[in-house]
Amino acid sequence: MTKENTMIGVGLRPSHYPELEANSETKVDWFEAISENYMNTEGRPLKMLLHVRKTYPVALHGVGLSIGSHDGVSQNYLNKLKALVNRVDPVIVSDHFCWSSIGGHYSHDLLPFPFHSETLDTLCENVEKVQDFLGKQICLENISYYLKSKTDEMSESHFINEVCKRTGCGLLLDLNNVDVNARNHGFGAFEFCKELDFNNVKQIHLAGPSQEEGFVFDTHSTPVPDSVWELYRQFIGIKEKVPVIIEWDENIPSFQVLEEEVHKARNILSSLEANP
């Protein structure tokens, strides 16, 4: 089992810069940075990212690629992303199964699209363009959604499998998003996971949601809940060699709290290795 395949890390966030500047040794294996926060800048964020990169593997995770847009992916965005990729040399480059722009107008949300053949063709064309331009594989993350399309022609899992099969892209499996969708829409979280081609899963996200008025929201604002830990345990019982990032984007705690979450993930992985 290689170290890279079992890495467990956290999202790199500005509130933790001072500690990481003062202490390069942490209890995490790697970091994931939000791509857009480091584009077109020579300021502190990029300097911090490059500082971290000297010691740790880094992934770049975007929110603005809009891979599902029918008017294609912005070349200007791709130019910025490629420049960042060339500078950072990330181990993984990822974004989301979503769209967020149309006609040059951008939403601040990761919007779901219907799972039908037209969307599949559009998405695959865009993915191939991005991978050809970057010269490397990208991964796409399954998102949370709060309304279901009435025009779906296939399941989400089948759609994801087809995109990966046709383009060679990888899947960033967000287990928190699976759990959120399962709880909001009433399906089995692990049953959904089992419908995916596990060979496509290149990375896992773990995070904590919030609840309001009977709904669960993907806010990355709380510790990883028991339901997501259990889903992680079930998943790695079948495919354990997948690097993990723990996300926390609201109400961000001290870095030590994130290290404790990393420790929990390691304990689960270790328990399965000890009892295969």
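For the range 191-205, backbone phi angles converted through the Karplus equation (6.51, -1.76, 1.60; θ = phi - 60°) give residue-by-residue couplings of 4, 4, 4, 5, 7, 7, 7, 4, 5, 7, 6, 9, 7, 10, 10 Hz, Gly and Pro being listed as x. Taking the alpha carbon gyration tensor of the range 4-274, multiplying each eigenvalue by 5 and rooting it gives semi-axes of 27, 24, 17 Å, largest first. Note down the net charge around Asn23, summing +1 for each Lys or Arg and -1 for each Asp or Glu among other residues with Cβ under 15 Å from its Cβ. Combined, the nearby Lys, Arg, Asp and Glu give -2.
Taken one residue at a time, the phi angles of the range 182-190 give Karplus couplings (6.51, -1.76, 1.60, θ = phi - 60°) of 5, 6, 6, 10, x, 10, x, 5, 6 Hz. Gly and Pro are set to x. The DSSP beta bridges internal to the chain are antiparallel in roughly 20% of cases. Note on Ile238, Ile252, Ile92: ascending count of other Cβ atoms within 10 Å places them as Ile238, Ile252, Ile92, the fewest first.
The aspartates and glutamates whose alpha-carbon is closer than 16 Å to the alpha-carbon of Lys239, local same-chain residues fewer than 8 away aside, are Glu4, Asp174, Glu191, Glu195, Asp197, Glu230, Glu273. Counting neighbouring Cβ atoms within 10 Å and putting the fewest first, the residues Cys169, Cys124 line up as Cys124, Cys169.
What is the sum of charges, Lys and Arg at +1 and Asp and Glu at -1, for the other residues whose Cβ falls under 9 Å from the Cβ of Leu173? Summing Lys/Arg as +1 and Asp/Glu as -1 gives -1.
Between the alpha-carbon centres of the range 115-176 and the range 193-268 there is a gap of 21 Å. Here the mean projected area of the convex hull built on the C-alpha positions of the range 56-97 is 3.0 nm². For a test of the definition: using alpha carbon positions, the gyration tensor, and the 1.5 limit on a/c, classify the range 149-222 as rounded, prolate or oblate. It comes out oblate by the Cα gyration axes.
Residues considered: Asp29, Asp174, Asp71. Largest GNM mean-square fluctuation over the chain, using C-alpha springs under 10 Å, is found at Asp71. For the pairs Lys150/Lys264; Lys54/Lys80; Lys80/Lys194; Lys80/Lys150; Lys47/Lys136; Lys47/Lys202, flag any whose C-alpha to C-alpha distance is greater than 31 Å. Table pairs above 31 Å Cα-Cα are Lys150/Lys264; Lys80/Lys194; Lys80/Lys150. Karplus-derived 3J(HN,Hα) values for the range 35-42, using 6.51 cos²θ - 1.76 cosθ + 1.60 with θ = phi - 60°, are 3, 5, 6, 10, 8, 6, 9, 10 Hz; glycine and proline are entered as x.
We did not get these values from a lab; they are worked out from the coordinates using the rules stated. As the structure is a prediction and not an experimental result, all values here were calculated from the model. Note that we place each Cβ from the backbone using ideal geometry, even for glycine, and neighbour counts take in every protein chain shown.
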